[in-house]
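A quick write-up on the structure given underneath.
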Amino acid sequence: MAIFKAVRQADVAFDSDSPDGVPDRMADIYSIKTPVVVVIDAGSNSFRLAAYECAGNSYHPLNEVKSNPELAKGTYKGNRALDSHRMQQAESVLEDFGKIIQDYIEEDRDVTVHALGTAAIRSVQHTQVGRDFLHKAEQKLGHTIQVITGRREALLTGMGLLYENPKARGVFAGIGGGSIELGAINKQGRVINPSVIDEGALSIHEEFKRGRNPRDVLFEALEQTDYKKGKTLRITGGDWRAVARVVSGRIHGIEVSREFPHGLTLSADKILEELGGFGQITLAELTAMPTRVAERAGRLWTSAEALRVIVEYLEPKEVIFSNASIREGVLYARIAGYDVTRLTSHPVKQEQSSSPARVVPVPRASKQAPNFRTARAASPVRLAR
């Protein structure tokens, strides 16, 4: 709409002497530069930058870059101290992200940055080491990093699911490197009861190496929640998406799904059957699979076991795997007019007349220069029960 408005205001007249009949003042129109919104998820396992062109309530992906400093690796319930080498790696990643943002600024773009720190940073933010790390990280990035609570992380996870599918209802669970976010979406399309379990893919695996079964770790935490059973369960998070690739591949009689099977829908009995056989897959087999699986091979069994516990406890009628994340949650909040920096709950009053614009996902990039190509969104996959 902004471009059409500019055309009207310019009152462009075609010049017969111009090459190909191009308007003399068309350069003014092409010089219009849409704002850019950058969302950074500084997670416990991976750091991601997602950049979008913003035109009203529409977000068009420019680039997505991912790196895996595994900031929370080696941490567990009794020890949340971060490794100094991994903190340095994280700082280096953020410095690279800062350069990408600066490129947009130098293009005379209006750039808004939402940089969010999650479980790993959250666990040390009140220690001297944590404060020093956060200060250095912000200097490298060139922007403030907002360390969000586990509740807000869960809230944004649910909003990300609504951004992806405004009709999403039921309960949800998302796994990160240092925590698991839980919540529900009620009949009115509001995220309710957001909560967090302070154990994630990295810390659960570390607990397992120290002799503690993931089932014990999670059942203790789940018993403190109060989510209705028998609802649709929506699953997100990198490790569980990797599990979905393997499960989908096994169901289709292939080694692994090359692409994430967004929308993969299974009955509770079917997913439990597949997760039960996950331990039969060898480490060598997992390591030989595509990158998104191979990079998690060493801990994927414990992540699969954690998902099995979630499904057993919540007894859902069906399980749906999703590509949504807190990055999409930030976009949902912006579209709805919420202040992302102050968000503590999903407001009761909201516009229901129109669905949030859906972003087209871009190919996942890792340690690469900006990628401006876009890809067609994958169609949801529903399998027979």
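The values are calculated or read from the model by the stated rules, or taken from the named source; none is laboratory data. Note that the structure is predicted; figures quoted are calculated from it, not measured. When we count neighbours, we look across all protein chains shown, and the Cβ atoms used for this are built from the backbone with ideal geometry, even at glycine.
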Which one is nearest to the chain's Cα centre (by Cα) among residues in region 127-148 that are of a type in the set (S, T, N, Q) and either buried (at least 16 other Cβ atoms within 10 Å of the Cβ) or modelled with pLDDT of 95 or more (or both)? Gln146
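Filter region 74-98 down to the residues that are more than 22 Å from Thr112 (Cβ to Cβ) and either assigned to a loop (DSSP other than H, G, I, E, B) or among the aromatic types (Phe, Trp, Tyr) (or both) and list them by number. Talk me through it step by step, then tell me what you get.
If we filter region 74-98 for residues that are more than 22 Å from Thr112 (Cβ to Cβ), which is where we start, we get 74-92.
Once the filter is applied, which keeps residues that are more than 22 Å from Thr112 (Cβ to Cβ) and either assigned to a loop (DSSP other than H, G, I, E, B) or among the aromatic types (Phe, Trp, Tyr) (or both), region 74-98 yields Gly74, Thr75, Tyr76, Lys77, Gly78, Arg80, Ala81, Leu82, Asp83.
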In this structure, is Val319 β-branched (Val, Ile, Thr) and at pLDDT 95 or above? yes
Scanning region 232-274 residue by residue, those in a helix (DSSP H, G or I) and buried (at least 21 other Cβ atoms within 10 Å of the Cβ) turn out to be Gly238, Asp239, Trp240, Arg241, Ala242, Val243, Ala244, Arg245, Val246, Val247, Ser248, Ile271
When you look at Val191, is it among the β-branched types (Val, Ile, Thr) and surrounded by fewer than 24 Cβ atoms within 10 Å (Cβ to Cβ), yes or no? no
I need a count of the residues in region 301-330 that are under 19 Å from the mean Cα position of the chain (by Cα), within 19 Å of His262 (Cα to Cα), assigned to a helix (DSSP H, G or I) and not charged (D, E, K, R). 5
